[in-house]
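As C-alpha cells, the structure follows; a few thoughts come after it.
Every number in this text was worked out from the coordinates using simple rules, so none of it is lab data. Computed from a prediction, not measured in an experiment: that's the story for all the values here. Methodologically, a virtual Cβ is constructed for each residue, glycine included, from the backbone with ideal geometry; neighbour enumeration extends over all protein chains shown.
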Amino acid sequence: MIVSASLSAKQAHSIENAESFVYRRSADDQKWKVVSKGLPESKGTIIIILASNTINSGEFYALNNRGIFISNDSGMSWSALDIHWPKRYNSD
C-alpha cells in the first residue's frame, strides 16, 4: 500500500519533501512495522517499486531513487546491489 500526506501532486513527487518507508508484518502479527536495516535514510528517498521473486521464497527487491536493494529474509533486512548507474540517473 502506498499512502501520501502531500498537499499537492508536485509536492508528492518532490525529492526535497520525500520521506519513504518500507513496512512489513509477519503472518502471525497484526501490527505493521517499519523496516529500515540496509535501506537508505528515509528523508529524500522515493520508493518506486517493490517486487517479490516468485521462484525464491523470501526474496524481495526495492528500487528507489538511491539504488536497487535486495532482501533474502522476507524484507527484514536489505542490502544494496552493486550496480553502477550513469551520474545523470542519480538524484542525490
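Please give the FRET efficiency for residue 26 paired with residue 49, using the beta carbon to beta carbon distance and R0 = 22 Å, rounded to the nearest 0.05. Please report the intermediate quantities before stating the final value.
On the way: r = 23 Å, r/R0 = 1.02.
So the FRET efficiency works out to roughly 0.45.
Summing Lys, Arg as +1 and Asp, Glu as -1, what charge do residues with Cβ under 12 Å from the Cβ of residue 70 carry, residue 70 excluded? Let's see the in-between values first.
Details: positive: none; negative: 59, 73, 82.
Here the count lands on -3.
Only Cα pairs under 8 Å and at least 6 apart count here; give the relative contact order of the range 13-68 as a rounded whole percent.
On the way: 75 pairs, mean separation 16.6, N = 56.
Rounded, it is 30 percent for the range 13-68.
In nm, give the distance between the simple-model label positions of residue 41 and residue 59, each being 7 Å from the Cα along the Cα-to-Cβ direction.
Taking the two extended label points, one gets 3.2 nm.
Quick one: what does P(r) look like for the range 9-84 with 10 Å bins over all Cα pairs, in whole %?
Going out from 0 Å in 10 Å bins, the range 9-84 shows 18, 48, 28, 6 percent.
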